[in-house]
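Below you'll find the structure, written out as structure tokens, and then a few comments.
Bear in mind these aren't lab numbers, they're just calculated from the coordinates by the rules spelled out. Quantities reported herein were computed from a predicted structural model and do not represent experimental measurements. Heads up, the Cβs are rebuilt from the backbone with ideal geometry, glycines too, and the neighbour counts pull from every protein chain shown.
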Amino acid sequence: EPEVTQTPSHQVTQMGQEVILRCVPISNHLYFYWYRQILGQKVEFLVSFYNNEISEKSEIFDDQFSVERPDGSNFTLKIRSTKLEDSAMYFCASSERSTRNSPLHFGNGTRLTVT
Amino acid sequence: RKEVEQDPGPFNVPEGATVAFNCTYSNSASQSFFWYRQDCRKEPKLLMSVYSSGNEDGRFTAQLNRASQYISLLIRDSKLSDSATYLCVVILNTGGFKTIFGAGTRLFVKA
């Protein structure tokens, strides 16, 4: 069964550093997403991406965050200057159509630890 | 009021028990509904969609009550492998579609 893959599985960085989290969505999916989950808390939406542009973003997704689809397969989340509170599990997801009718397929996640 | 509310549990049940989870949502613009399960420190995985007429998938039954704005999940004949956190997910139509996750209900099934 096709999968969403994410790298790295764990990233440790110092406060103020830039990080790039990488994702390869399922190949025939058109919608891509980033979510985060702080330990012990609920899954929170960050951003959705369709047709090479952001379609929705949450209040969490401020100027420190950006997304890119640099080629036909990768989908990246960049955090420009990490803060301690950015420590969380970051999940990439993709869906065949918009989420109204098409469920999300999640990657295994990248655990980001900011020290 | 939270957009999606779930009883956090935990629910501790013996193998073979029937257990039910409820979820309430506050926004009447909610259009689609799903149950996901999440194992500890893993990604959420789709368990089932929830349809207006109710739907069943093996031991799992999902129901939707739009008038009362709640969704339920019933698990029959619980297995040890059902131990997980069950996430209620609601899709809002806000012009685009916004996905809201509940905080989840933890289930422990004991031998």
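Express the C-alpha Rg of the protein assembly as shown as a ratio against the empirical globular expectation 2.2 N^0.38 Å, rounded to two decimals.
So the protein assembly as shown has a normalised radius of gyration of 1.03.
Given axes a ≥ b ≥ c from the Cα gyration tensor, I'd like to know whether the stretch B:61-111 is rounded (a/c under 1.5), prolate (a/b larger than b/c) or oblate.
It comes out prolate by the Cα gyration axes.
What number, in nm² with one decimal, is the all-direction average of the projected area of the convex hull of the alpha-carbon atoms of chain A?
Computed as one quarter of the Cα hull surface, the answer is 6.9 nm².
On alpha-carbon atoms, Rg over Rh for the stretch A:52-115 using Kirkwood Rh?
Here the Rg-to-Rh quotient is 0.97.
Please list the radius of gyration and Dmax for chain B, considering alpha-carbon atoms only, with Å as the unit.
Both quantities, over Cα of chain B: 13.6, 47 Å.
Net charge within 12 Å of B:Asn93 by Cβ-Cβ distance, Lys/Arg positive one each and Asp/Glu negative one each, not counting B:Asn93 itself?
+1
Arranged by the count of other C-beta atoms within 10 angstrom, fewest first, what order do A:Thr115, B:Thr105 take?
A:Thr115, B:Thr105
How many angstrom lie between the Cα centre of the stretch B:84-111 and the Cα centre of the stretch B:39-83?
One Cα centre to the other: 10 Å.
So which cysteines in the protein assembly as shown don't have a second cysteine's C-beta under 4.7 Å from them?
Cysteines of the protein assembly as shown left without a disulfide-compatible partner: B:Cys40.
Across chain B, how many lysine pairs, 8 or more apart or on two chains, come within less than 24 Å at their alpha-carbon atoms?
Pairs that pass both the separation and distance tests number 9.
What do you get for trypsin sites (Lys or Arg not before Pro) in the stretch B:33-100 restricted to DSSP loop and a cutoff of at most 12 other Cβ within 10 Å of the site's Cβ?
Within the stretch B:33-100, the qualifying trypsin sites (Lys or Arg not before Pro) (loop, at most 12 other Cβ atoms within 10 Å) are B:Arg41, B:Arg66, B:Lys79.
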